[in-house]
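Structure first, then comments.
The values are calculated or read from the model by the stated rules, or taken from the named source; none is laboratory data. Keep in mind it's a predicted model, so treat the numbers as computed, not measured. Positions of Cβ are generated from backbone atoms using ideal geometry, with glycine treated the same way; all protein chains shown enter the neighbour counts.
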Amino acid sequence: MLIETETTPNPATLKFLPGRTVMDGGTRDFATPEEAEASPLANALFSLGDVTGVFFGRDFVSVTAGPGSEWRDLKPDVLAILMDHFTAQMPLFNGPSADFSVAADEPIPTDDPADAEIVAQIRELIETRVRPAVANDGGDIVYRGFERGKVFLQLQGACSGCPSSSATLKNGIEQLLKYYVPEVTEVRAV
């Protein structure tokens, strides 16, 4: 089995491509060792001690190294864990209900029904234009709400904490949404 790696715009995060499907649907972000307990793979990666984030995409795993960690030291250990996991065909999650994109304790905002058409346009643009580009960089972006012209998005994986994420939000995503949906006045990360 060959696992390819790619750099991401976030220097602390590497994208690992095992050459097979990781998540059948959705994505999953693990920001703490406690969250990682839902997944044997994420738990094993966090157990290395130098890992501060794990993200599962459709066909990749992004791993974020902690401050002071060197990828030249950490990468062989991450590759070994990924190789063992995928070669043994181990389950990605502990239990059938653990496979979902949003953590259960995250509040999902309720959009105003009067904005349904605007929200539908925003969601479609995010799904068709933004998410594929962000996935190429080892992350994901999730719609969180729309209120009085402001779009609230959550950055995950390599995009969370990336030095260029605010530029991506303001110069890329915000401009795109404003162009196609004139009601959008601002994009904010949550």
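Among the residues of the stretch 19-48, those that are over 20 Å from SER160 (Cβ atoms) and modelled with pLDDT under 95 comprise GLY19, ARG20, THR21, ASP24, GLY25. Can you find, within the stretch 132-154, the residue that is farthest from the chain's Cα centre (by Cα) among those that are assigned to a strand (DSSP E or B) and of a type in the set (D, E, K, R)? Per the criteria, the residue is GLU147.
Kindly indicate whether SER69 is of a type in the set (Gly, Ala, Ser) and under 19 Å from the mean Cα position of the chain (by Cα). So SER69 fails the test. Tell me whether the stretch 10-20 contains one or more residues that are without any contact (Cβ under 8 Å) to a residue 60 or more places away in the chain and buried (at least 23 other Cβ atoms within 10 Å of the Cβ). Taking every residue of the stretch 10-20 in turn, none turns out to be without any contact (Cβ under 8 Å) to a residue 60 or more places away in the chain and buried (at least 23 other Cβ atoms within 10 Å of the Cβ). Looking only at the stretch 1-45, residues that are assigned to a helix (DSSP H, G or I) and touching a strand residue (DSSP E or B) at 6+ places or on another chain (Cβ under 7 Å) come to 3 in all. Among the residues making up the stretch 76-101, those that are at pLDDT below 90 and surrounded by fewer than 16 Cβ atoms within 10 Å (Cβ to Cβ) are ASN94, GLY95, PRO96, SER97, ALA98, PHE100, SER101.
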